[in-house]
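The values are calculated or read from the model by the stated rules, or taken from the named source; none is laboratory data. Source: prediction; values computed, not measured. All Cβ positions, even for glycine, are placed from backbone atoms using ideal geometry, and neighbour counts span all protein chains on display. These area figures cover heavy atoms from the full protein model, side chains too; ligands, DNA and RNA do not enter into them. Shrake-Rupley method; radii C 1.70, N 1.55, O 1.52, S 1.80 Å.
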Amino acid sequence: MTFANGDSTTHFPAGSDRASPARFDVRAFARSAQGNHRETLRLDEFATDPLSGESLRAVRYLARLESGTMEQLRNLLVTATHKDARITAFLVTWAFEKFWIADALDAVLEANGQRKSHEAAEGSTRRSRIESVERRGPIRRAITGLIQGVPIIGVHVTSGLVDEWITRAAYDRLETASANPALSSAISTILGVKARHVAFFDHEARERLADDPRAASLTRRSLERQVWPIGAIDRADDDRSFFESFVFGSDEGRARAADIGRRVAELTGMDSRIGDAVARKLHA
Amino acid sequence: MAFDVDKYTATSVSVNWDDLDLERFHEHPLPEGSLRTLRYMADVEYHTVCYTRDLLTTPSHKEADMSAFMTMWNREEFWHGEALATVLGIHGIVVDFDEIKADRLKLGWKDKLDPIKQSIAGKLVGTDFVAVHMAWGAANEWSAITAYNRMAELEEDPVLAELLKRIARQEARHVAFYTSQARDRLAKSRKAQVLARFALKNFWAPVGSSIMERTEVVHVMGHLMGGPEGRKGARKIDAAIAGLPGMEGLTIVEDSLNKLGVAA
């Protein structure tokens, strides 16, 4: 325990984020966390302009993904990622904001006469041999995490970034497909909240991939075999197939997937092989 | 009484201290021993999310209510850390995320192996293990409330007392969640009772023991639970734990104080 001598004129915890000015300010993010959105959602409008079955299915699936933070936290925190207090501080607020994003999507479902996402029945998960490694539980994750050490943080933040790109594509597709002003407004609120998550993952991923070749090589291996979006592994097979075809199935969707692949390829230490592997899996 | 998770999530807020005149600490600084205790508390609060990891490695994370609670709980505890860090900051004690990271890295192998051990135990005993976690969580949250209230009592500073009372009020809701979960789950399963009793009796140690140096644990326990009044608080926690199904007669807090050599 160190008792550093801070500047006594500094009022807020002098520690904050003192490094580079461009560094994402986790404390400012936590201070301005965005919670319950129900009051600003235009829920009444759905009574006269309801969503189609297809849009509702996409909303339900996204709500389930957004609320899967505790599963994701478990996988992250059994590794060295839990040592990084700045990352864990970010994740606390990130989980809080995603909880309320899922709640906003649930509110949309309810306004359209549907049950909340976690109350509705869900089919069985996809069973594939290739994905079995991604289905590994906390014990195996903790053991491999022990060996991988600190560079695993690079994998986690890069996966977080790619996941944000993928869900962004999904929200964009849903917005166009539904052509519903109330849903567009909800999506715009959600994307506003997510913009800061993207900024954090983006900054962290670029820094860690550039700084540590081991983080980059672990990330290559992980991105190549990961199941997208994060959390899909726990979701129903038929919903995943629906999502893959709804967001990335058409020609336009394939272009969207290819664009994400290109962005992956451009990250430090990645290349077109990794980018293509990610893109290919999006419309599996 | 069942815990209403929807109501809890709807009303969960970060602890507020905007209206408190913390600047007074420039004129009336807290004594060093108190700052040392506050620093311990801040570290433990920031570490809460890491305890979630242990909870999450058990089947409990599949349950929506549990996830909702843990999301808010984590955030409230993080803000307790921020509130205490602000008080420390005014005293020139910097609580920096990078420094906490360095401390966490020093924890070494024991901490690294914890999630593995927890997960394996979780796998072996399944849902009964959730009951163990809930009883364990209840013991920790009772300790937290007692510690904050005791410190508010000990410090003569009215502003600090008010801040600590606000934090303790939030901890009270956490206690309500953990006890209602523990009570239900323990009442349903004799096996869960046996497991929880075994785990608490043999492995429980004051919150923070696994992440702080022993000298700090001894200081904080001596500060807040030493002497006749401190002991009285410890006994109250023990009585609350003993009130859970199957936990009759446990005195884990007193036992741990004796082990640490904290005078009664």
Normalised radius of gyration for the stretch B:133-264, please: alpha carbon Rg relative to 2.2 N^0.38 Å, two decimal places.
1.05
Reachable aspartates and glutamates, given that their alpha-carbon falls under 16 Å from the alpha-carbon of B:K191 and they are not under 8 places away in the same chain
B:D128, B:E248
Within 10 Å of each candidate Cβ there may be at most 12 other Cβ atoms; applying that plus a DSSP loop requirement, which chymotrypsin sites (Phe, Trp or Tyr not before Pro) in the stretch A:49-110 survive?
none
XL table B:K165/B:K236; B:K101/B:K232; B:K101/B:K165; B:K7/B:K236; Cα-Cα > 25 Å flagged, in table order, is B:K101/B:K232; B:K101/B:K165; B:K7/B:K236
One checks the Cα atoms of the protein assembly as shown and finds Rg and Dmax, in Å, of 23.9, 76
Taking 0.36 nm per residue of separation and subtracting the Cα-Cα distance, what length does fully extending B:E32 through B:K165 add?
45.8 nm
If I take R0 = 35 Å and measure r between the Cβ atoms of B:A239 and A:D237 in this structure, what FRET efficiency does the formula 1/(1 + (r/R0)^6) give, to the nearest 0.05?
0.10
At each listed q (0.17, 0.20, 0.22 Å⁻¹), what is the log10 of I(q)/I(0) that the Debye formula gives for the stretch A:136-243 modelled as equal alpha-carbon point scatterers?
-0.92, -1.11, -1.21
Longest DSSP-loop-exposure-free segment, trypsin sites (Lys or Arg not before Pro), chain A, at most 11 other Cβ within 10 Å
A:130-284
Given a cut-off of under 8 Å on Cα pairs at least six residues apart, what relative contact order in percent is computed for the stretch A:132-282?
28
So how strong a dipole does the stretch A:137-284 carry about its Cα centre when Lys and Arg Cβ are +1 and Asp and Glu Cβ are -1, to the nearest 20 debye?
380
Connecting C-alpha atoms closer than 10 Å in a GNM of chain B, tell me which of B:D43, B:D96, B:D19 has the biggest fluctuation.
B:D19
Rounded to two decimals, what ratio of Rg to Rh does the stretch A:20-59 give with C-alpha atoms and a Kirkwood Rh?
1.28
Solvent-accessible area per residue for the stretch B:154-264 (1.4 angstrom probe, square angstrom)
46
Any residue on another chain or 5+ positions along whose placed amide H is under 5 Å from the amide H of A:T125 is listed here as A:D237
List the residues of the stretch B:24-53 whose accessible area drops by at least 30 Å² when all protein chains are present, compared with their chain alone, using a 1.4 Å probe and counting only protein heavy atoms.
B:H26, B:R39, B:V49, B:R53
Pop out the carbon and sulfur fraction of the accessible area of the protein assembly as shown as a percent, whole number, probe 1.4 Å.
52
Just to check I understand the Karplus step: with θ = phi - 60° and J = 6.51 cos²θ - 1.76 cosθ + 1.60, what whole-Hz values come out for the stretch B:128-136, glycine and proline as x?
4, 5, 4, 4, 4, 4, 5, 5, 4
Farthest towards the positive end of the dipole of chain A, among A:T79, A:L105, A:G249 and with Cβ unit charges of +1 on Lys and Arg and -1 on Asp and Glu, lies the Cα of A:T79
Can you pull out the GluC sites (Glu not before Pro) in the stretch B:125-226 whose DSSP state is coil and whose Cβ has at most 16 other Cβ atoms within 10 Å?
B:E156, B:E213
Ranked by GNM mean-square fluctuation in chain A (Cα springs under 10 Å), the top entry among A:D163, A:D44, A:D106 is A:D44
Measure nothing but the geometry: give the 0 to 90° angle between the long axis through the Cα atoms of A:237-248 and the longest principal axis through the Cα atoms of chain A, rounded to 10°.
90
As an exercise, use a Förster radius of 45 Å and the Cβ-Cβ distance of A:A177 and B:A264 to find the FRET efficiency, rounded to the nearest 0.05.
0.05
Protein accessible surface hidden between A and B, which excludes ligands and nucleic acids, total in Å², probe 1.4 Å
4700
Mind jotting down a quarter of the surface of the convex hull over the alpha carbons of the stretch A:144-203, in square nanometres, one decimal?
4.7
With equal scatterers on the alpha carbons only and no solvent term, can you work out the Debye log10 of I(q)/I(0) for chain B at 0.07, 0.09 1/Å?
-0.24, -0.39
Model label zone, B:D255; criterion: amide N under 16 Å from point 7 Å along Cα-to-beta-carbon; scope the stretch B:172-195:
B:193-195
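Using a 1.4 angstrom probe, figure out how much accessible area chain A has per residue, in square angstrom, rounded to the nearest whole.
41
What translational diffusion coefficient, in µm²/s and rounded to a whole number, does the Stokes-Einstein relation yield for the stretch A:181-246 at 20 °C and a viscosity of 1.002 mPa s, taking the hydrodynamic radius as the Kirkwood radius over Cα pairs? Please list the in-between numbers first.
Values: Rh = 14.7 Å.
Rounded, D is 146 µm²/s.
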